[in-house]
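*Asks:* Before I ask anything, here is the structure I am working with.
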Amino acid sequence: KFLGPNFTESYCWPPIARGCDVVAISYEGKDPFLYIPPVLTFLQSGSCYKVLPNKNGPLALILCPGWKKAQLVFELLKTYERCSRQLHPMLIILGQNKKEAGSVKIRGCEVIVTTPYSLLRLFEHHSLLFCRLCHLVLDEVEVLFSDATEQVFTILDCYKKAIVTEEWEYSPHQIVAVGTRWSKHTAHLIKEFMNDPYIVITAMEEASIYGNVQQVVQPCANSERTAVLLKILDFTHNNLQKVLVFTNSVNEAEMVHKALKSNSIFSLKIHKESEFHFKYILEQWTKKYSSGTHVVLVLTDDCMQSLGITDATCVIHFSFPSPRIFGQRLHSMSDNFCNVIKYSSVDQECTKARSVILLTENSVCHALEILHYLQRTEAEIPPELHDFTTKTLEAEEDKKFSRPLCTYLKTFGICKNRTVCPDRHQINLQIDMPQNIPDKIIRTPGCVTVLPLHIVHATNYFGRIVDKQKDQYTILAEEINDYFKKPCNKIAVKNVEKLAFYGLCEKTLFHRVQVVEISPKEEENLFFNVKIKYIDEGRTSQVQSYQLLHLPARFQCLPPQAVEFVVCRVKPIDNEIEWNPKVTHYIHHKIKGKLHEAKIVHTLGNTAWVDPMVGIELLSDLKMSVNEYNVRSEILSTGLGTDNPEHITQLQKL
């Protein structure tokens, strides 16, 4: 069902399939399909590898920025390998347990998918790992370099040393790097480790960083833009200057053109209501002008594509651009982008194209994205832009004020992606007032008995706080089950209401549930799906409406018992932001449905942070309990977790 390569793939696939070094930067840079088909294609030609040493080791190595991406790439390889010869791909994700790395067998494997950290752990026990390696793929290259710079360059050095021997003279050696952003590390990769690479950049704002476009930010009041523009256009250059002034409306274009004309600056103008046609404007623009001439064209963004200009030397953003429009505007100078490969030697210089942004009090909308972009260039960033972005971030956070508190903030004390995270990163006293946690525990935090019933991941669970003396829920649960055992009490609900409480039979047990969502398309049907929450366990599920039973008011008096528990001071290794499923599976099996002693160190809303949380075994004969294990220690023992000392400190700062 594949229709054919997209725009970027059309440029990437041929050189990759020929075994060339390739760097590809595009908006689709996270998609492994940029490299999987052509790499698999090259691997079909077995004759290329005949001169390699007859030892165990992969022909291709795909480095991914985390276990989740590695899993995705591996699944895709398994899917598309069906069309090719058997390559026996392996997904290798290793923790810090050395025995695990030593037990890995790579015999017969021709493609390894892994992460930089895992590969280096494997390399400690498999010194011949690079002896047959021909293809090194860096997936999401900018993320690899930002999260594991040292590890990636160590791997590149190992690969470089491995291919200098004589036997490699007639064997393929290829590095492929794909991503969404250009970075200085990518430039270093090209200069030090690649041989005459193909560089494919289809994201124009990234091409301008590669092309060394000079970015200038000019702060001014909105009312002063025209005066500032006139100063910028007061040229002293001897070379031909072809300038585009971008505006966001017809009126603005007319106003700017009129101002330039009244100040004796020769300029052209084009917009959708303009009397001049594109053909005339292009004729004027492409005329042969003498050195020192200045050609200025005032235009609106909707004219860019029709004009197709690529030889401007300067772009002035009279109106503040969105990131995507920004890239399209910069494309107008693409003929004057420097080629960093061609001009890498000291004695050659490239004339810089120039981009000038007028920053006014009305520029708040896209200021944050533009700042992040400019920080990756050599632009001098004025304090005004930092002020704008601070205000933007505050405004964005205020919009999220009714959202749940960010899961990453709760689990690890920090959220790495605040700007794109949809959840709240500040305290909302109304939402964060303690819920479902007994008052006596809030007043005097200390040791409690907890029963985890729903495991979200390795350090995040839902369950109940159990009262050792007289547990109200245990009494209620017995009463509910006794009530519903009588067939006459199983009364199906006719009109299901959102947020109402009902009974639900699951196998032989009855639960209290709350309806959290009813699909609007299904309301008219006789039976329909509803999303419910088990209010005493914390998990959610989809059930049929006819399964819901009328719950008498006396069974609704006890508040929902489900509490969220977070185990403190531990996080995933290798800068990962999500727990490896291996750890979650292990902890799930270890703790679900078992009593634990836990010390509550912090509470917010329905969440209790615990440190430590210890599994206990009840010795009924001796009327006592013994500590069996510490949950945090169990996570660390897997080799996939590491210490997180700042966790509670970060929460207290919040």
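*Asks:* Just to confirm the number: angle between the C-alpha axis of helix 184-193 and the first principal axis of the chain, 0 to 90 degrees, nearest 10?
*Replies:* On a 0 to 90 degree scale, this one is about 80.
*Asks:* Hey, for a label at Asn339 modelled as a point 7 Å past Cα toward Cβ, could you say which residues of region 189-212 have their backbone N under 11 Å away?
*Replies:* 199
*Asks:* Principal axis lengths of region 473-557 from Cα atoms, whole Å, largest first?
*Replies:* 39, 28, 23
*Asks:* For Kirkwood radius over Cα pairs in Å, pick the label among (i) 29.2; (ii) 29.8; (iii) 27.4 that corresponds to the value derived from the coordinates.
*Replies:* (ii)
*Asks:* With labels modelled as points extended 7 Å from the Cα through the Cβ direction, what inter-label distance (nm, one decimal) is found for Ile491 paired with Ile427?
*Replies:* Placing both labels 7 Å beyond Cα along the Cβ direction yields 4.5 nm.
*Asks:* Could I ask something else about it? Taking the Cβ-Cβ separation of Leu393 and Gln214 as r and a Förster radius of 35 Å, what is the calculated FRET efficiency to the nearest 0.05? Write out the running numbers ahead of the final one.
*Replies:* On the way: r = 27 Å, r/R0 = 0.78.
The computed FRET efficiency comes out at 0.80.
*Asks:* Ignoring ligands, DNA and RNA, what percent of the 1.4 Å accessible area of the chain is carbon and sulfur?
*Replies:* Of the solvent-accessible surface of the chain, carbon and sulfur hold 51 percent.
*Asks:* At R0 = 51 Å, how high is the FRET efficiency between Lys288 and Thr149 if r is their beta carbon distance? Nearest 0.05 is fine.
*Replies:* Numbers: r = 48 Å, r/R0 = 0.94.
Plugging the Cβ-Cβ distance into 1/(1 + (r/R0)^6) gives 0.60.
*Asks:* Contour minus end-to-end for Gln650 and Ala227, with contour as 0.36 nm per residue of separation and end-to-end as the Cα-Cα distance?
*Replies:* Residue separation times 0.36 nm, minus the Cα-Cα distance, leaves 147.5 nm.
*Asks:* If you find the alpha carbon centre of region 557-602 and of region 296-311, how far apart are they in angstrom?
*Replies:* 57
*Asks:* If you don't mind, there's one more thing I want to ask. Whole number please: convex hull volume per residue, Cα atoms of region 55-151, in Å³. Let's see the in-between values first.
*Replies:* Numbers: hull volume 9.4 nm³, N = 97.
Cα convex hull per residue, to the nearest whole number: 97 Å³.
*Asks:* Taking the convex hull of the Cα atoms, report for region 407-516 its projected area averaged over all directions, in nm².
*Replies:* The orientation-averaged projected area of the Cα hull of region 407-516 comes to 10.6 nm².
*Asks:* Rounded to two decimals, what is the ratio between the C-alpha radius of gyration of region 210-395 and 2.2 N^0.38 Å?
*Replies:* Against the compact-globule rule of thumb, the ratio is 1.03.
*Asks:* Using 0.36 nm per residue of separation minus the Cα-Cα distance, give me the extension gain between Lys531 and Gln71 in nm, one decimal.
*Replies:* 162.6 nm
*Asks:* Sticking with this structure for a sec: In Å, what Kirkwood hydrodynamic radius results for region 110-165 from the alpha-carbon pair distances?
*Replies:* Averaging 1/r across every pair of different Cα atoms and inverting gives 11.8 Å.
*Asks:* Could you tell me how far the Cα centroid of region 38-112 sits from the Cα centroid of region 365-396, in Å?
*Replies:* Result: 42 Å between the Cα centres.
*Asks:* Further question on the same structure: Taking 0.36 nm per intervening residue step and subtracting the Cα-Cα distance, what contour gain separates Arg403 from Lys161 on full extension?
*Replies:* Full extension from Arg403 to Lys161 adds 81.9 nm.
*Asks:* Let me ask another. For the residue pair Lys599 and Lys468, what label-to-label distance in nm results when each label sits 7 Å from Cα along the Cα-to-beta-carbon direction?
*Replies:* For the pair Lys599/Lys468, the computed spacing is 1.6 nm.
*Asks:* Could you tell me which of the pairs Lys468/Lys594; Lys470/Lys507; Lys231/Lys391; Lys69/Lys98; Lys55/Lys105 are separated by over 20 angstrom between their Cα atoms in the structure shown?
*Replies:* Result: Lys470/Lys507; Lys231/Lys391; Lys69/Lys98 exceed 20 Å.
*Asks:* Same structure again: Which value, in Å³ per residue, describes the convex hull spanned by the Cα atoms of region 7-202?
*Replies:* Roughly 109 Å³ of hull volume per residue.
*Asks:* Would you calculate, for the chain, the mean residue ellipticity at 222 nm contributed by helices, counting each DSSP H stretch of 4 or more residues as -39,500 (n - 2.57) and dividing by all residues, to the nearest 500?
*Replies:* So the helix-based figure for the chain works out to -9000 deg cm²/dmol.
*Asks:* For region 138-240, take the alpha-carbon Rg, divide it by the Kirkwood Rh, and send me Rg/Rh.
*Replies:* That ratio equals 1.20.
*Asks:* Using only Cα atoms, tell me the angle between helix 581-591 and the longest principal axis of the chain; keep it within 0 to 90° and round to the nearest 10.
*Replies:* Here the helix axis deviates by roughly 20 degrees.
*Asks:* Treating the angle as unsigned and between 0 and 90°, give the value, to the nearest 10°, between the Cα long axis of helix 7-17 and the longest Cα principal axis of the chain.
*Replies:* Helix 7-17 and the main axis of the chain meet at about 90 degrees.
*Asks:* List the trypsin sites (Lys or Arg not before Pro) within region 1-84 that DSSP assigns to loop and that have no more than 16 neighbouring Cβ atoms inside 10 Å. Numbers along the way, then the final one.
*Replies:* Working: sites: Lys1, Arg18, Lys30, Lys50, Lys55, Lys68, Lys69, Lys78, Arg82; in loops: Lys1, Arg18, Lys30, Lys50, Lys55.
When the trypsin sites (Lys or Arg not before Pro) of region 1-84 are filtered for loop state and at most 16 Cβ neighbours within 10 Å, Lys1, Arg18, Lys30, Lys50, Lys55 remain.
*Asks:* Could you check the spin-label model distance between Tyr280 and Arg418? Points 7 Å from the Cα along Cα→Cβ, value in nm.
*Replies:* 5.3
*Asks:* Under a cut-off of 14 Å between alpha-carbon atoms, report the aspartates and glutamates in cross-link reach of Lys288, not counting same-chain residues fewer than 8 places apart.
*Replies:* Leaving aside aspartates and glutamates fewer than 8 places away in the same chain, those within reach of Lys288 are Asp311.
*Asks:* Taking the Cα centroid of region 448-508 and of region 616-640, what is the distance between the two, rounded to the nearest whole Å?
*Replies:* 26
*Asks:* At R0 = 35 Å, how high is the FRET efficiency between Lys105 and Thr540 if r is their beta carbon distance? Nearest 0.05 is fine.
*Replies:* Given R0 = 35 Å and the Cβ-Cβ separation, E is 0.30.
The values are calculated or read from the model by the stated rules, or taken from the named source; none is laboratory data. Since the model is a prediction, treat every value here as computed from it, not as a measurement. Quick reminder, even Gly has a Cβ in these numbers, built from the backbone with ideal geometry, and neighbours come from all protein chains shown. Ligands, DNA and RNA are excluded from the accessible area calculation, which covers all protein heavy atoms including side chains. Shrake-Rupley method; radii C 1.70, N 1.55, O 1.52, S 1.80 Å.
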